[in-house]
């Protein structure tokens, strides 16, 4: 009993750092997480994300703690995933069958794959030098900062807006600047279209007041009114900074698009022939009275070929339209003189106004998409189920749990020693008892051999006395 009390006490004195652990439970809930995927389709790596220096730096900065603690905080974070219930049930089922002697069940048990949706996060703050209360505050704040990092990583693609606004349209010729804006608006429209596919709530931002359909209509308006007006004015009036250079650029674009069209056309022809010759899977259904029905069922390979055919057709159409448009521009440049200074100034003013509209639209798209991801799409994607906490009771529990193995081992050794010593002592005491009993028996035998005096002898003794 005394040693059982001394072991936990020694654990506190000599292994105190091992007990400076804080735990929290986090959860992920979105389509694909059960297969180990992040919201963008990439592999989900929770530990690397939690240990991300950007997340830790944001946490330390918010708490006014020195950034020198970054590495010690990063090394103190560990993770353990919780097995989903369905996977645990399968493992237990195969385990029971395996224990009954079925070796195949053991192989099936090893083949069970699962991806946790809940994780127990542990933070050992021994190397940080922080007190328990401060460590708890830092740990919980880090888990909240990770939520922000999660939304920024898998929410709105801010890199799109940054890349577009970083382009300086003034470095291009006027017709080229029109193409740059057209490409920008096309990418933005495609992004908004992808967002609206997953929106079943008809989301409308409370910050901008825009829905995704409103943003799409704004893009269409800019393309069909502002951009087309500038493009036609540039083409009709032959507004350019360098006529010959621009003609060479258009000719290069035409050649490149012609090559792309040729490749797409060949791909389209091959896919059309493959689809025509492809034999679909046949399903035979047997009915009553020997009636049978056959159905042709497309496979994943057939569906893939059909999708690629549609993409190839789209590519051919796009290349054809762009080649025709560029050829018209080349013909216009060759047949007309360059525009006057007034027309050039007008185009520059129109492009500047267009740039402001595009940047404003990018900003509204950014705010709308961020709010959508935070409040709708990824609202419950990440949550802190159990925040970290520190208490004397928890510390005592950690000490007992950590020293339990050593305690059991020492107590088992003591029990073996006790039983061994008891057995040896019992043998010693038993031998002593047997020896004493033997000596007592020997004394009794000798007493039986002593001469008993006669009456005459007693009289003699009395006289002598």
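The values are calculated or read from the model by the stated rules, or taken from the named source; none is laboratory data. What you are looking at is a predicted structure, and each value in this text was computed from that prediction instead of being measured. A quick note on method: Cβ atoms are made from the backbone with ideal geometry, for glycine too, and the neighbour counts reach across all protein chains shown.
Looking across 403, 454, 441, 447, one residue alone is under 30 Å from residue 130 (Cβ atoms) and either modelled with pLDDT under 85 or assigned by TED's automatic domain parsing to the domain that holds residue 148 (or both). It is 403. Would you mind listing the helices (runs of 4 or more DSSP H) fully within the range 187-299 where at least 3 residues are at pLDDT below 85 and exposed (fewer than 11 other Cβ atoms within 10 Å of the Cβ)? In the range 187-299, 243-277 are the helices (runs of 4 or more DSSP H) which contain 3 or more residues that are at pLDDT below 85 and exposed (fewer than 11 other Cβ atoms within 10 Å of the Cβ).
The single condition from (1) within 30 Å of residue 131 (Cα to Cα); (2) modelled with pLDDT of 70 or more that residue 396 fails is (2). Filtering the range 1-31 to residues that are farther than 23 Å from residue 123 by Cα, at pLDDT 70 or above and surrounded by 15 or more Cβ atoms within 10 Å (Cβ to Cβ) leaves only 30. Look at the range 301-315: where a residue is more than 13 Å from residue 270 (Cβ to Cβ) and a partner is part of a helix (DSSP H, G or I) and modelled with pLDDT under 80, sitting 6+ places away or on another chain with Cβ atoms under 8 Å, you get 302/275; 306/275.
Comparison of 353, 339 shows that the only residue that is within 16 Å of residue 177 (Cβ to Cβ) and in a loop (DSSP other than H, G, I, E, B) is 339. Residues in the range 69-85 that are in a helix (DSSP H, G or I) and either modelled with pLDDT under 90 or on the phi > 0 side of the Ramachandran plot (or both): 85 only.
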